[in-house]
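**Student:** Dropping the structure in here first, questions after.
The values are calculated or read from the model by the stated rules, or taken from the named source; none is laboratory data. Computed from a predicted model, the values in this text were never measured in an experiment. Virtual Cβ from ideal backbone geometry, glycine too; neighbours counted across all protein chains shown.
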Amino acid sequence: MHRHLFYHCHLKCHAVMPAVAATIHLVVANFGTSPTLERSRKQRRTNLQNALRVLDLVPSKHHHDQEEVLSHHRLINGCMGGILGVQSRLHVMRKGKESFANSSSNQAQPERSNIVSNNTSVCPSITRLTKEDMFMQIVELHRRGQISSDASILASALSYCADGKTLTAGVQFHALLVKVGYVSSIPIGSSLISFYSRCSQLDIAHRVFQNMTAKNTVTWTALISGYAQDNQVEPCLHLFALMRQSVCKPNDITFATIFSVCTNHAFLVLGKSVQALQMRMGFDSYVHVSNALISMYAKCGSIGEAQTVFESITCKDLVSWNSLIFGYSQHGLAEHCLGLLKEMEGHIIPDAISFLGVLSSCRHACLVAEGRRCFRAMIEHGVIPEIDHYSCMVDLFGRAGLLDEAWDLIQTMPMPPNGVIWGSLLASCRVHGSISIGIQAAEHRLKLEPSCAATHVQLANLYGSIGCWDDVARVRKVMKERGLKTNTGCSWIEVGNKVYTFTAENRSKSQVNNVLVILDCLQSHMDHKYDVLIDGLHWDDPEHIS
């Protein structure tokens, strides 16, 4: 017997169904209680889980008797009850359009012609509502029998649940989709996959995907994107490989998603292979795919390749310029950032992200004058500085040793400084030996981030530098009581299509001794100005060092 709700499974024993029906009545009656009653969040979550477990016991619509039909309908109504309480109905009536408020709600069973007519009028009116209003209108109208739900309208309403990550409402809406028989629709299935993925319910999203009898490119891409957003690399790439073997082929969104995975995990070789595939399929002309490629190459260390992709784009958009600006910034190419910003102003208006990338490059290169000019230019362009822009300026002043100027800027910020700003000032004070400002910065940061172990260590070191050993002991005691430990540094490198990670003080690698020997050789190489002895051979030319 095939399951008809959420995913298909087989019932082990058919004889228990009358008893199950009674159980369903009890569970759903509790779950469908009006939300106006005072119930704790934990109790509501428990009721939802109970109702979902009951779904596994409901038979297919082709294998039920009258009692089981009643149970099924009671379950659906119970699920819908969570969003159709008194407050929700009042919200619908208050927010709804005039055409809906005046519709013939007194007709219990409208004729088919009236239903079709309502569908025609619903589509343009619904699209003018907010997603929340649209969602509530559709459910209310369907409850009153005034609309025969259309798959495209239902898919649009489901996007409200995905945007708001409202799992409870989405599950209830899923039950409505099962009731009206649209759960096997490709648009509905794709929307369900996106919804559950964005709610971090990837297991359910995968089950919806597996139970769809027909799939298209959007369906595959929805699940691939879900795994990518959840940082699950292996299933994401595995699905991409399966998609290539299916009749559905990747589209521009699929390629952009895979490039983002390669970007986040430094899969440069894989990214190049995927780029070759997307070029063969003709997607190299899609600007958002090229933008993803720019970010991938820049973050994987191939800034030259990123620039080549940028230059190949015929119609560059704002993201194209910003992607290369941040690429230059990450590689410490401040002059390139400034030049690109100047060139950009002749084609498109920079935004807050554009100036943030340039300011970030200026702070790393300690270009104080250029940073000041960029900050003023941003205001002249009508861009209101955000906290990240102020953070860059504070860090820029701090790196340059202008600690008083950094402190004054913090005091004049239109928003309260965050932990990043105080941490940046603290690091600069430690470098330039400003103990008093450093202690104040550390104390401010610990008020915002009391569990930051690194700040505790820096504060203890500052107290120790001026001989305040009682304060050092106090900070160390707090760290011990809270169990705070600093995070271990980590780096990685890709060799032979495999990514190797290295952590500080970790010597468990099988070839760590060889690595240390090479590092010693490189250190000696730098100390003696390219004159180094390796394996008994004396080389003066640095080009011979491999």
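**Student:** If you take the residues of the range 443-468 that are under 14 Å from Val478 (Cα atoms) and of a type in the set (A, V, I, L, M, F, W, C), which of them is farthest from the chain's Cα centre (by Cα)?
**Tutor:** Among those that are under 14 Å from Val478 (Cα atoms) and of a type in the set (A, V, I, L, M, F, W, C), it is Ala460.
The rows are residues; the columns are (1) free of Cβ contacts under 8 Å to residues at least 60 places away in the same chain; (2) crowded, with 20+ Cβ neighbours inside 10 Å; (3) touching a Gly at 6+ places or on another chain (Cβ under 6 Å).
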residue	(1), (2), (3)
Val287	yes, no, no
Asn291	yes, yes, no
Ile294	yes, yes, no
Ala298	yes, yes, yes
Thr308	yes, no, no
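**Student:** Looking at the range 471-494, I want the residues that are assigned to a strand (DSSP E or B) and have a partner that is acidic (Asp, Glu) with Cβ atoms under 6 Å, at least 6 apart or on another chain. Which pairs are those?
**Tutor:** Once the first residue is assigned to a strand (DSSP E or B) and sits in the range 471-494, no partner that is acidic (Asp, Glu) comes close enough.
**Student:** For a quick check of your reading of the model, give me the residue pairs whose first member lies in the range 374-398 and is within 30 Å of Ile435 (Cβ to Cβ), whose second is assigned to a helix (DSSP H, G or I) and β-branched (Val, Ile, Thr), with beta-carbon atoms closer than 6 Å and at least 6 apart or on different chains.
**Tutor:** Ser391/Val420; Ser391/Ile421; Val394/Ile421
**Student:** Does the range 512-533 contain any residue that is under 30 Å from Leu270 (Cβ atoms), outside the structural domain of Leu426 (by TED's automatic domain parsing), at pLDDT below 75 and not aromatic (Phe, Trp, Tyr)?
**Tutor:** Yes, some residue in the range 512-533 is under 30 Å from Leu270 (Cβ atoms), outside the structural domain of Leu426 (by TED's automatic domain parsing), at pLDDT below 75 and not aromatic (Phe, Trp, Tyr).
**Student:** Then there's this: Please find, within the range 305-338, the residue that is nearest to the chain's Cα centre (by Cα) out of those that are among the hydroxyl-bearing types (Ser, Thr, Tyr) and under 22 Å from Tyr286 (Cα atoms).
**Tutor:** Ser323
**Student:** Next question, about the same structure. When you go through (1) more than 32 Å from the chain's Cα centre (by Cα); (2) within 13 Å of Cys337 (Cβ to Cβ) one by one for Asp408, which number turns out not to apply?
**Tutor:** Here Asp408 meets the rest and fails (2).
**Student:** Does at least one position in the range 363-374 carry a residue that is surrounded by 14 or more Cβ atoms within 10 Å (Cβ to Cβ), of a type outside the set (A, V, I, L, M) and farther than 25 Å from Ala427 by Cα?
**Tutor:** Checking the range 363-374: not a single residue is surrounded by 14 or more Cβ atoms within 10 Å (Cβ to Cβ), of a type outside the set (A, V, I, L, M) and farther than 25 Å from Ala427 by Cα.
**Student:** Would you pick out the residues in the range 239-276 that are in contact with a Ser or Thr (Cβ under 7 Å, 6 or more places away or on another chain) and under 15 Å from Gly301 (Cα atoms)?
**Tutor:** Thr263, Leu268
**Student:** Would a scan of the range 280-297 turn up a residue that is assigned to a helix (DSSP H, G or I), at pLDDT below 95, more than 28 Å from the chain's Cα centre (by Cα) and closer than 18 Å to Phe259 by Cβ?
**Tutor:** Yes, because at least one residue in the range 280-297 is assigned to a helix (DSSP H, G or I), at pLDDT below 95, more than 28 Å from the chain's Cα centre (by Cα) and closer than 18 Å to Phe259 by Cβ.
**Student:** Right, here's the next one. Looking at the range 400-440, which of its residues are outside any loop (DSSP other than H, G, I, E, B), surrounded by 15 or more Cβ atoms within 10 Å (Cβ to Cβ) and not aliphatic (A, V, I, L, M)?
**Tutor:** Residues satisfying the conditions are Glu405, Trp407, Gly419, Trp422, Gly423, Ser424, Ser428, Cys429, Arg430, His432, Gly438, Gln440.
**Student:** Of the conditions (1) touching a residue at least 60 places away in the same chain (Cβ under 8 Å); (2) within 22 Å of the chain's Cα centre (by Cα); (3) closer than 19 Å to Ser190 by Cβ, Asn211 fails just one. Which one is it?
**Tutor:** Evaluating Asn211 over (1) touching a residue at least 60 places away in the same chain (Cβ under 8 Å); (2) within 22 Å of the chain's Cα centre (by Cα); (3) closer than 19 Å to Ser190 by Cβ leaves (2) as the failure.
**Student:** For the range 330-399, which helices (runs of 4 or more DSSP H) that fit wholly inside it have 1 or more residues that are over 24 Å from Gly423 (Cβ atoms)?
**Tutor:** 334-344, 352-365, 368-380
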